[in-house]
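Before any comments, here is the structure.
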Amino acid sequence: MRWPLLLVLLFLLAFPPIASAMGLEFYQGLLTKIMILALAASSLNLILGYGGMVSFGHAAYFGLGAYTAAILMREGVSSGWVIWAVAVGLSALLALLIGAICLRTRGVYFIMITLAFAQMIYYLVVSFKQYGGEDGLRARRPEFGLFELTDTALYYLSLAVLAGALYLLHRLINARFGRVLQAIRENESRALALGYPVYRFQLLAFVLAGALAGLAGVLMAHYTQYASPNLLAWQQSGHLMMMVILGGVGQFWGGVLGAAALSIVEEVLQDLTIHWQLGVGLILLAVVLFAPRGLAGLWRREP
Amino acid sequence: MTLLETHQLSKRFGGLLAVNGCNLAVKTGEIHALIGPNGAGKTTLLNLITGVLAPNKGQVRFEGQDITHLPAHARVHRGLARTFQITNLFRNYTVRVNLELAVQARRGSSFRFWQPVFKEKALTEEAFRVAERVGLGGRFEVVAGQLSHGEQRALEVALALASRPKLLLLDEPMAGMGPEESARMVELIESLRQEFTILLVEHDMDAVFRLAQRISVLVYGQVIATGTPEEIRANPEVHKAYLGDEGGVA
Ligand SMILES: Nc1ncnc2c1ncn2[C@@H]1O[C@H](COP(=O)(O)OP(=O)(O)OP(=O)(O)O)[C@@H](O)[C@H]1O
Ligand SMILES: [Mg+2]
């Protein structure tokens, strides 16, 4: 597992200069986008895969991050660090409020109520005409002091943030907290009978996932220089969910592999046919039927 | 000394009063059996005591303190641990991980986010001691779902033991067991007598009369009699309501 990982990392580090020498800037952009989506999908995988919480409203935090960045820039805040801190803080807060309510329900109710909250956020944001309404909001790139946020800087920044977040998630999942979170997914009533405050564990994971999704949203706003209502829409939640299912629910690399695979497939199919969404659906169906543990499950033998 | 006390405890499911003004007292150090026909409300009573369900009326007191509104997880830390009538394990995890989780719940905070848990040797060591205690030392690395029924019931008890409770609530530990497995379970419970106060719900009357110092009889959600095994045997009301059905135990 170590070697392939190191090779991928080296490849990603070396890619921008190679790309610019060979005129492959388009692919550098695609990789940036994939890394940002990988962060968002990995955050969803924490609660969906490891926590067993099927949230159908993850776009709320992703989109909120993007909108926070755009609105702060519009209001004259130009420091990237400040924007990041506020966006992550707000996303975490929103996840705390939504999670505190939703986690009192289970099963289908949980899915529906997370979706309902996300839709409320969507309509709320779109109703602010001064922030673009349904047209979205342009978001210039902020200043980071130490460096200028060029396309290449954003590429490396996204890589650094993704790597840092994955390292954090890896520690978390294998620490006491992560073990309990997974135990709750396996058997909630048993975990409660052992004396674990189930609700607190789930809520904390939910907030953390929201914060990471918010950070991904900020990066997305930097990338497209635009905060789109689409980022908040339920289709975006479904998209992130598809990535996790495709990559492997509760598999550590599930979010990353799913984001990469889905983005690449979409890119390829979009060029070939206008019915590309049908193709994506068929591929997802094939994965669910033939590789229930996703792409990551094909890679790793052990459970 | 009274360790656990329920006072006028009631639980309603729609039109059904599953537990109906139940008064029960368990003294420190005893094995107290709770018997009663199917549907009498025994499991519901355990759920009220452990906080899985909230009562409609009444009180639960533990060590003299009112715990009626304490959440379930907090009651475990006070010293209440239970087993389930229907085996309830982490079926996909090994005996080891099941027990490590139980030990971890008691030892230190689980809101730790950085140190890998597999490096915590103390958890494994204590988990292994508990496994040995219930005879699962040789099955430590076996996935719980692959254990025999008797072994799963033993693990069920072990999970409760690992929290080192002051009061152990056992909900039909012999459920679904053959005579051999039952005998082993009786032996295990016997071996816990010195260390734990036990409230034992059980249909197996031989086991109940062998183990219990006191017996309470629950019928339609009410305790109709409490006493020593001899007193319960001799109680005509108990006979009418319950023991009569069992035939030959008296
Ligand atoms: N969650 C619930 N919702 C509705 N009714 C319930 C619920 N739990 C139990 N009951 C009903 O309450 C009554 C008491 O059930 P309980 O399981 O406590 O009985 P019990 O004494 O444990 O019986 P057994 O010996 O069969 O285990 C039964 O009629 C049962 O159908
Ligand atoms: Mg029962």
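Please state which of the following conditions A:Q251 fails to meet, knowing it meets all the rest: (1) assigned to a helix (DSSP H, G or I); (2) away from every other protein chain (no Cβ under 14 Å).
(1)
What number of residues within region A:35-66 are aliphatic (A, V, I, L, M) and either part of a loop (DSSP other than H, G, I, E, B) or surrounded by fewer than 24 Cβ atoms within 10 Å (Cβ to Cβ) (or both)?
Residues meeting the conditions: 2.
Looking only at region A:180-209, how many residues end up being under 16 Å from B:R91 (Cβ atoms) and either facing chain B (nearest Cβ under 8 Å) or more than 24 Å from the chain's Cα centre (by Cα) (or both)?
So the answer is 9.
Does B:G58 satisfy being small (G, A, S), under 30 Å from B:T228 (Cβ atoms) and more than 10 Å from chain A (Cβ to nearest Cβ)?
yes
Only residues that are among the hydrophobic types (A, V, I, L, M, F, W, C) and either under 21 Å from the mean Cα position of the chain (by Cα) or surrounded by fewer than 17 Cβ atoms within 10 Å (Cβ to Cβ) (or both): list them for region B:112-139, please.
Across region B:112-139, the qualifying residues are B:F113, B:W114, B:F118, B:A122, B:A127, B:V130, B:A131, B:V134, B:L136.
Take the conditions assigned by TED's automatic domain parsing to the domain that holds B:L16, in a helix (DSSP H, G or I), surrounded by 22 or more Cβ atoms within 10 Å (Cβ to Cβ) and of a type outside the set (G, A, S) and apply them to B:I198. Does it pass?
no
Out of all the residues in region B:80-95, which are facing chain A (nearest Cβ under 7 Å) and either within 16 Å of ligand 1 (Cβ to nearest atom) or not aromatic (F, W, Y) (or both)?
Matches in region B:80-95: B:R82, B:N88, B:L89, B:N92.
Under 7 Å between Cβ atoms, at least 6 apart or on separate chains: pull out the pairs that start in region B:163-177 with a residue that is within 11 Å of chain A (Cβ to nearest Cβ) and away from ligand 2 (no atom under 15 Å from the Cβ) and end on any residue that is part of a loop (DSSP other than H, G, I, E, B) and of a type in the set (F, W, Y).
That search, which allows pairs on different chains as well, returns B:P165/B:F196.
Can you name every residue in region A:117-154 that is free of Cβ contacts under 8 Å to residues at least 40 places away in the same chain and either over 22 Å from A:G76 (Cβ atoms) or of a type in the set (A, V, I, L, M) (or both)?
A:M120, A:Y123, A:L124, A:S127, A:L146, A:T150, A:A153, listed by residue number.
Under the condition of being hydroxyl-bearing (S, T, Y) and within 16 Å of ligand 2 (Cβ to nearest atom), which residue from region B:5-55 is farthest from the other protein chains (Cβ to nearest Cβ)?
Residue satisfying both the conditions and the ranking: B:T44.
Consider B:L45 carefully, then state whether it is away from ligand 1 (no atom under 12 Å from the Cβ) and either acidic (D, E) or modelled with pLDDT of 95 or more (or both).
Answer is no for this residue.
The values are calculated or read from the model by the stated rules, or taken from the named source; none is laboratory data. Given the structure is predicted, the values throughout are model-derived calculations rather than measurements. Ideal geometry is used to build each Cβ from the backbone, glycine not excepted, and the neighbour counts take in all protein chains shown.
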